[in-house]
Amino acid sequence: MLSKHRADGLSERRALLEEAGIDKTAADRAEPAPGTMAAIEMIVGGCQRRSALEGIALLSFVEAMHGGPSGAAAGMFEALTKHYGFSKRAAATYELHAEQDTGHGERQIDAIRRFARDEGTQRKVRAAVKLGLNAFNFEWDGHVQAMTGKREYWSGKAPVRLDAPTFKLP
C-alpha cells in the first residue's frame, strides 16, 4: 500500500500531466531525452555498484538543494505557476517538496559525516557526490532537451576540473 505522501505525489503529477494535455499512458510511453537517459543510468548504476553510504552520498547533496524556500523545488513551482501559467494544483508536487523536503539532505549529510571516517571511504563518498551532481545536471538538461528538441548540455559555471595525470600527445 502506498504511503499518503507517495499517493498524493502521484495524484499531483497526474494533475500536471492532465493540465498539459497528456494522459498517463502517453507519458509512460514517452522516450526519455539523452540527458534524462544519462541521469537515470548514472543514478541507478551508481546506487547498484556502490555501498549504501555511497548511494546516500550520491543523492544527499542534490536533496539538500531541492527543498526549502530557496531550493530547486520552490524555483520550479514559481516557474510553472508564474512563467508557464500552470495552476497551483498542477504544480503542487513542487510546492510540497519546497515546504516539506527541508532537512532530508542535511540528515543524510550528517550520516555521511558520522560513517565516512577513513580517507578511503571519504574518497569514495566524494566521487559518489560528484556523480550525483552530474546526474542532476543531466536530468535538467533532459528537461530542456525534451522541450526544445535540441541536443544541448549546460556548460556549467566553471571549467571541468579532473584529478587526472598530465599527458602529452605525440
| Cα centroid separation, segment 92-107 to segment 126-143 (Å) | 19
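Report the local net charge at D163: Lys and Arg +1, Asp and Glu -1, summed over other residues whose C-beta lies under 15 Å from its C-beta. Numbers along the way, then the final one.
On the way: positive: R123, K124, R126, K130, R161; negative: E119.
Result for the local shell: +4.
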| message | Suppose only helical runs count, i.e. DSSP H with n ≥ 4. What mean residue ellipticity at 222 nm does that imply for the chain under -39500 (n - 2.57) per run, divided by all residues and rounded to the nearest 500 deg cm²/dmol? | response | -21000 deg cm²/dmol
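Give me the extension gain from M147 to Q48: residue separation times 0.36 nm, minus the current Cα-Cα distance, reported in nm with one decimal. Could the numbers behind the result be given before it?
Details: separation 99, 0.36 × 99 = 35.64 nm, distance 3.01 nm.
Gain on stretching M147 to Q48: 32.6 nm.
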| task | Could you run the Debye sum over the Cα atoms of segment 1-154, one equal point scatterer each and no solvent, and tell me log10 of I(q)/I(0) at q = 0.09, 0.18 Å⁻¹, two decimals? | result | -0.34, -1.26
| task | Take the Cα atoms of segment 58-140, find their three principal axes, and give me the spread along each one in whole Å, biggest first. | result | 49, 24, 15
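Run through every distinct alpha carbon pair of segment 101-170 and return the Kirkwood hydrodynamic radius in angstroms, one decimal place. Walk me through the numbers on the way to the answer.
Numbers: mean 1/r = 0.0653 Å⁻¹.
This gives a value of 15.3 Å.
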| Quick one: which of 64-76, 158-170 comes out on top by average Cβ neighbours within 10 Å, and what's the full order, highest first? | 64-76, 158-170
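Pulled fully out, how much extra length does the chain show between H83 and D118, if you take 0.36 nm times their separation in residues and subtract their Cα-Cα distance? Could the numbers behind the result be given before it?
On the way: separation 35, 0.36 × 35 = 12.60 nm, distance 4.71 nm.
Full-extension gain reported as 7.9 nm.
Read-outs: derived from the displayed coordinates by stated rules, not from any lab. Quick caveat: nothing in here was measured; it's all calculated off a predicted structure. Cβ coordinates were reconstructed from backbone atoms using ideal geometry, including for glycine residues, and neighbour counts include every protein chain displayed.
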